[in-house]
Amino acid sequence: MADPRVLHVITDPRARGAQRLAHDLHGELLRRGQPSTLAALHPHPDADPATAVPVLGPSRHHPATLRALRRAAARADVVVAHGSSTLQACALGLFAARTPFVYVNIGDPRHWTATPLRRLRVGAFLHRAAAVAAISPHAAEVLRTRFRLPARRLRTLPNARPADRFRPAADPADRAAARTALGLPADAPLIAWVGALSPEKRPDLALAAHALLPADVHLALAGEGPLRAALAPGPRTHLLGPLADPAPLYRAADLLLLTSDSEGVPGVLIEAALAAVPAVATDVGWVSDVVRPGEGGLLVPPGDPAALAAALRTLLAADRTRYAAAARAHALAHFDLAPVATAWQHLLREVARPR
């Protein structure tokens with residue numbers, strides 16, 4: 001039987017968060033010879049012009065967007081909706097359509113359905129999906145109990161990244177070259193922070209924790225967002241802006257710092273772990289799926305810059321070889337894209353409409 005034709009729907013053309021997994025999964029399915037297309041609900045001014053992702057309409061739930069979505073879905077056998085804003089679009093735009101859709105839950109549903117009305121609305125949309133893919137078994141349990149989803153329609157399919165894209169630094173010279181290319185100091189301790197400069201990611205905490213560290217430690221923040229203008233970096237802080245490819249920053253870094261108030265299973269932690277970079281992260285969502293405390297890094301409570309700084313000092317003073325090896329081994333075993341894509345192919349065959 002031929003593999004089903006897949007339409008991946010993302011919020012906008014940027015490759016971040018849920019959209020990063022969609023880009024990678026789409027590319028892997030194409031590499032395997034499976035028909036796959038990628039479409040964004042609406043444009044975004046920060047999208048890379050070189051990323052040729054078709055845009056369906058002017059905004060995520062505009063009538064023209066939903067009509068275009070329905071037309072695109074008619075040419076596919078199954079639709080995959082990546083991320084929260086695509087759920088409503090697919091639930092409405094594909095209502096009574098022949099093409100089923102699978103929803104990929106990336107974040108923590110407890111965070112983005114905090115009010116009863118929002119829980120009711122999201123629950124109604126989720127029940128229209130042919131299947132719901134959770135990126136953690138803990139997330140699957142929350143979806144089952146919070147929205148009364150039947151267990152048979154839930155799947156646990158991890159967030160994933162291609163391991164070969166995030167190789168570790170080969171040696172000190174490779175690390176120094178990566179730092180030089182990014183304009184970073186060649187030999188100082190370096191902490192990397194990667195993400196959207198937005199309130200839930202708490203880049204302010206990264207700056208506050210950094211200010212408590214020894215004077216020779218540098219911090220490099222990669223990303224863009226609404227908090228950019230409000231950040232007040234110190235002399236050892238480097239604002240790199242958005243990076244089309246964060247892999248060189250991981251090769252340059254000694255540690256990764258994640259300061260979020262809310263997360264699912266963050267892709268940046270997977271990327272850093274594949275690159276053998278230990279992490280200090282806030283213990284939110286299902287971060288502990290990636291960072292096993294005391295093995296691949298350290299976890300601290302959210303919102304506490306002193307705790308973040310203490311954990312960073314601990315790892316900076318430690319022999320990080322053991323942490324690095326454990327982080328990479330765990331990521332290769334659980335978050336490499338190749339086996340995850342195979343599991344996705346099984347699900348897509350199961351739910352796709354017959355031709």
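A few remarks follow.
- Hits in segment 24-38 - residues which are out of contact with any Ser or Thr (no Cβ under 8 Å at 6 or more places or on another chain) and surrounded by fewer than 20 Cβ atoms within 10 Å (Cβ to Cβ): Gly27, Arg31, Arg32, Gly33, Gln34, Pro35, Thr37
- Positions within segment 10-23 being in contact with a Gly (Cβ under 9 Å, 6 or more places away or on another chain), open to solvent by less than 20 Å² (accessible area, probe 1.4 Å) and not polar (S, T, N, Q), in sequence order: Ile10, Ala18, Leu21, Ala22
- Tally of residues being among the hydroxyl-bearing types (Ser, Thr, Tyr), open to solvent by less than 10 Å² (accessible area, probe 1.4 Å) and assigned to a loop (DSSP other than H, G, I, E, B) across segment 260-293: 1
- Selection status of Ala140, of a type in the set (Gly, Ala, Ser) and either open to solvent by 40 Å² or more (accessible area, probe 1.4 Å) or within 23 Å of the chain's Cα centre (by Cα) (or both): yes
- Filter pass, Leu213 being open to solvent by less than 50 Å² (accessible area, probe 1.4 Å), of a type outside the set (Gly, Ala, Ser), at pLDDT 95 or above and over 24 Å from the mean Cα position of the chain (by Cα): yes
- Test for Ala176: is it open to solvent by less than 40 Å² (accessible area, probe 1.4 Å), under 30 Å from Leu243 (Cα atoms), free of Cβ contacts under 8 Å to residues at least 24 places away in the same chain and of a type in the set (A, V, I, L, M): yes
- Residues located in segment 46-70, provided they are closer than 14 Å to Pro13 by Cβ, charged (D, E, K, R) and surrounded by 14 or more Cβ atoms within 10 Å (Cβ to Cβ): Arg60
The values are calculated or read from the model by the stated rules, or taken from the named source; none is laboratory data. Small disclaimer: the values here were computed from a predicted structure and weren't measured. Methodologically, a virtual Cβ is constructed for each residue, glycine included, from the backbone with ideal geometry; neighbour enumeration extends over all protein chains shown. Heads up: the accessible areas ignore ligands, DNA and RNA and are worked out on the full protein's heavy atoms, side chains in. Shrake-Rupley method; radii C 1.70, N 1.55, O 1.52, S 1.80 Å.
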